[in-house]
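Below: the structure, in structure tokens.
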Amino acid sequence: MSTTNLTLPDIGEGVTEGEMVAWLVKVGDTVEADQPVAEVMTDKATVEVPAPDAGVIKELVAKEGDVVPIGETLLKMELGAGSAVAASSPAPKAEATPATPSSPTPTTPAAPQAVASPQGQVNIMPPVADSDVLASPSTRRFARELNIDLNTIPGTGLAGRVTRDDVLKVVGNSSAGTSQASSAATPSTVSLPTRTNFVTNAQDERVPLRGIRKKIAENMQMAKRVVPHFTLMDEADVTQLVRIRNQAKAVGEKYGVKVTYLPFVMKALIATLKEFPMFNASIDDDAGEIVYKKNFNLGFAADTPNGLMVPVIKNADQKSLLELSAEIIDLSKRARDGKLKLDEMKGATITITNMGSIGGTYATPIINHPEVAILGMYKMVKKPVYIDGKFKAASVMNYTITADHRLIDGAVAANFLKSLFSKLENPAELMLHMI
Amino acid sequence: MKYDVCVIGAGPGGYVAAIRASQLGLKTAIIEREYMGGVCLNVGCIPSKAMISAASFLDKAKNHSSPMGIEIEGVKVNMPKLKKWKESVSAKMSGGVSQLLKGNKVEIIKGEATFKDTETLMVSSSEGDKEIKAENFIVATGSRPIELPAFPYDEETILSSTGALDLEAVPKKLIVIGGGYIGLEIGSYLKKLGSEVTVLEAGGQLLSGLCDQDVHKTLERSVKKQGLDVHYNAFAKDYKKSGRSVVVTAEVNGEKKEFKADKVLVTVGRVPNSDQMNLKGIGVELDERGFVKVDPRRRTNVQGIWCIGDIAGQPLLAHKASHEGVMVAEIISGENRVYDAKTVPAVIFTHPEIAWVGRTEEEAKAEGFETISGKFPFGANGKAVSLQETEGFVKMIADAKTHALLGVHIIGPEASNLISEAALAMEMGATLEDIALTIHPHPTLGETMMECAEVTLGHGIHVMNQKKRPARSANGSAQA
């Protein structure tokens, strides 16, 4: 076949659809293999979809603004018109195809699994027949056509059979906001109450709840339903920290890095987490187990034009203040530009939300489930503080710790905040915990 | 001119792939060097079934009609006429394939194909050479009988299955080297047609010991009863012709023995035709047994070259090839497919027939399943008794916890037809209850499936149950 359909590939766990943001090519363009052809915004991030192979763009099937389910055709292209494919010499084609490191289909002829596909990057999920999964042949085909790996779906049928409904549940209502009724459904295990008595009038504007906003809605709803939250609030005297940070800021400028308070708070948090491992944990409800995390991956909430995003600094305990500063700046910028990669928003073990630059004395944040705690930091102010019989000017900052009461008792949270404060108020102690 | 798809080999894999490809709007050609329909329709499945049907007819007339009060005298075999009839069956099926291909606008090209490069095929025929270009080649060139160096086929004395299916006369004495399914099928029907048949099997069991052990026991008893002289651990060494007969020397259990016969049938397996067509020359990779290495989509390592059927690996069965043919055609047209069948039914047309899907009890246990199993004998089935076909049973193996079916093994009348229900059950992920609760019509052989499910659950109606009925919880699953 000379023409092929480029379908929206499976771009990440739990992602079922994407919004066509922009075409990066037009009909008639010649593209190389792996050249980005479209920008698609999912409920987690904006991703660039690469061309499966070299060729010429024939038709742009999806329109900008369309919500496209995984597996749906984005464009049609004629393969081989580029430089890569047409090898008329008797040499094996597999060797003539250039290997691109980012290609999911390696071109070495070694393993039979790894052959180059003329259809581009179709995801070969393990056939269900190779596993113990029970599902009828039509359900297996249905799932494959939706690019869903049946092996990962828990079956609700007799003897654990995966039914068509189970597959549909995973897809959720993703197949485009076609009906109002279906957009109330949610792929999460927590079902939402259906509110039917909306009072609407003609001036109201209705827009589909989708993309990042829909994901935020689902996650928040889930967290609030699953996790019994409680929040503890207190004020820390960070006068000494301000001094150190101001010095560090001046040094950081030499490196071209803006040093904020956040990396210091991160370091203090990590040192405190090591004393209170239940804050760096999860509850696995299905297994009935507490999972203590050994990594310190810190999520930090970022306000973006598209809505709330939580980029993650992986292994933050192993990074210097300067490195943390640089990474915070980089991730925040890309979060605002919608350029974060999916795995840069995954795997947090605890989250920090920082409202200091905006205002507000205190908030009661929602935990980023399945984490069990979220640290809030708020606007720093100068206040008179009564110390040793005198009022002194001090820089104070409000903090909140919001915890999952299933795992964390109130007194433990109070001690946690106390320990955190002793590091924030006394940078010398913080230094002792630095790696 | 370039085809979207060029299929090489018009057997049950190739012709099916070509028809589906063309149905999907792909410009399709098919190349065949010998016969439309391949081995299956011409020198395999279909002619052997015709011969088995005739032999069984004769057997019934001779041996089973009298107890029913039907007196038939002077029954004899007119071998040339039988051969002609058998050929007419093949011709009808093969002609049907040509018509279907033409009707679906597949271009049929006769000739011997060789790859010039990965995009070009040379097809030689009496009309000269022709170059064919295609975006996709589906190689479906099948397999051929293994030849033993000491027993080269002359199709006069030393026969392959092809020669044995085409005999002018029933041999008086036949030696079958290899007790696999082809040797047993042909040996059994020739026995019914009047041959004395000796089977030399190198292993300790017929059919390479592949069946469930209960099936093996019944098969071996039945084969003996039919008068086939089976020697196990018997290695045929060589042969000498003496006049019109032939003497085969074999080592049986370490002892040298001689067997006299007028024909020798060698059925020791089949090898893929992967040494042909310059497949290796264009870089197609083979495994250590000569099968082309393919992925779950039946792609080879060379882009644009696909392999299906016998050449792409076990099991060497026509129905697997057809399934792959449809799948590959659909993949080429852009569909998202992989080979995802849970089971390929195996069918052996011995007497009684054998068929199975899924795991044997031994395999299920080895995989770590806690199993329950049950057998229902055809002797307790009214239809089987009225057919005088009471030998054999249906056996089911299921997961002890969920009752999901793990395997079904049938030896008995129409096992080949009965197994399809079991195949569907396996693919659907059915439990024993699903089968037991499906009303099966009475009186039929198919009832044995329902009865066997009941027996396996511990509460059969038409046999005495040996096992205690497992306690059941409210949600329908058994308690340990």
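No value in this document is a laboratory result; all are computed from the given coordinates. Bear in mind the structure is a predicted one, so any value in this text is a computation, not a measurement. Virtual Cβ from ideal backbone geometry, glycine too; neighbours counted across all protein chains shown.
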Lys, Arg +1 and Asp, Glu -1 on Cβ, resulting dipole of the stretch B:292-348 about Cα centre, debye, nearest 20: 120
FRET efficiency, B:Glu251 to A:Asp149 (Cβ-Cβ, R0 56 Å, nearest 0.05): 0.60
Span from the the stretch A:198-235 Cα centroid across to the the stretch B:386-411 one, whole angstrom: 55
Estimated distance in nm for a label pair at A:Ile244 and A:Lys333, the labels positioned 7 Å out from Cα along Cα-to-Cβ: 2.8
Too-long pairs where the Cα-Cα distance tops 30 Å, listed order kept, from B:Lys293/B:Lys401; B:Lys83/B:Lys225; B:Lys172/B:Lys375: B:Lys293/B:Lys401; B:Lys172/B:Lys375
Restraint check, A:Lys258/A:Lys333; A:Lys214/A:Lys346; A:Lys224/A:Lys274; B:Lys62/B:Lys191; B:Lys27/B:Lys116, Cα-Cα greater than 19 Å: A:Lys224/A:Lys274; B:Lys27/B:Lys116
Inter-part distance where the stretch B:300-376 and the stretch B:14-76 are each reduced to a Cα centre, Å: 21
Estimated FRET transfer efficiency (B:Gln226, B:Lys133; beta-carbon r; R0 45 Å; 0.05): 0.25
Cleavage-rule hits, trypsin sites (Lys or Arg not before Pro), the stretch B:248-316, DSSP coil, Cβ neighbours within 10 Å at most 12: B:Arg289
Computed label-point distance, nm, for sites B:Asn417 and A:His433 using a 7 Å Cα→Cβ extension: 7.9
Global form of chain B, assessed from the alpha-carbon gyration tensor, a/c cut-off 1.5: oblate
Reachable lysines, given that their alpha-carbon falls under 16 Å from the alpha-carbon of A:Lys76 and they are not under 8 places away in the same chain: A:Lys26, A:Lys58, A:Lys63
Of all DSSP beta bridges in the stretch A:326-402, antiparallel share, percent nearest 5: 75
Antiparallel bridges, percent of DSSP beta bridges restricted to the stretch B:75-217 (to nearest 5): 70
Cα centre as origin, Lys/Arg/Asp/Glu Cβ charges: the protein assembly as shown dipole, Debye: 600
Mean Cα-pair separation over length for chain B, i.e. relative contact order, pairs under 8 Å, 6 or more apart, %: 14
Whichever aspartates and glutamates have a C-alpha closer than 15 Å to that of A:Lys382, once near sequence neighbours (fewer than 8 apart) are set aside: A:Glu235, A:Asp237, A:Glu425
For the stretch B:158-268: rounded, prolate or oblate by the Cα gyration tensor [a/c cutoff 1.5]: oblate
Alpha-carbon centroids, the stretch A:337-357 and the stretch B:174-227: separation in whole Å: 70
For the stretch B:158-268: relative contact order, % (alpha-carbon pairs under 8 angstrom, 6 or more apart): 35
Peptides A:387-394, B:430-437 ordered by average Cβ neighbours within 10 Å, highest first: B:430-437, A:387-394
Average Cα contact separation per residue, the stretch B:1-114, under 8 Å, 6 or more apart, as relative contact order %: 36
Value at 222 nm in deg cm²/dmol, rounded to 500, when DSSP H runs of n ≥ 4 in chain B each add -39,500 (n - 2.57): -9000 deg cm²/dmol
Whole-angstrom Cα spans of the protein assembly as shown along principal axes, big to small: 129, 71, 67
Rounded to 5, the percent of DSSP beta bridges in the protein assembly as shown classed as antiparallel: 75
Prolate/oblate/rounded call for the stretch A:228-432, Cα gyration tensor, a/c under 1.5 rounded: oblate
Sorted peptide list for B:69-80, A:421-432, criterion being average Cβ within 10 angstrom, highest first: A:421-432, B:69-80
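Let's see if you can work this out: charge +1 on each Lys and Arg Cβ, -1 on each Asp and Glu Cβ, no other charges. What is the dipole magnitude of chain B about its Cα centre, in debye to the nearest 20?
Taking the Cα centre of chain B as origin, the dipole is about 760 debye.
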Furthest towards positive pole of dipole, A:Phe421, A:Gly410, A:Leu322, structure part the stretch A:228-432, Cβ charges: A:Leu322
Chymotrypsin sites (Phe, Trp or Tyr not before Pro) restricted to DSSP loop in the stretch A:244-287 with at most 14 other C-beta within 10 Å: A:Tyr255
Other protein chain Cβ atoms within 10 Å, averaged over every residue that makes up A:129-141: 5
Hits among aspartates and glutamates - C-alpha to C-alpha of B:Lys383 under 20 Å, sequence gap 8 or more where chains match: B:Asp59, B:Glu353, B:Glu391, B:Glu414, B:Glu421, B:Glu447, B:Glu451, B:Glu454
Separation of the B:Lys365 and A:Leu232 label points, Cα + 7 Å toward Cβ, nm: 5.9
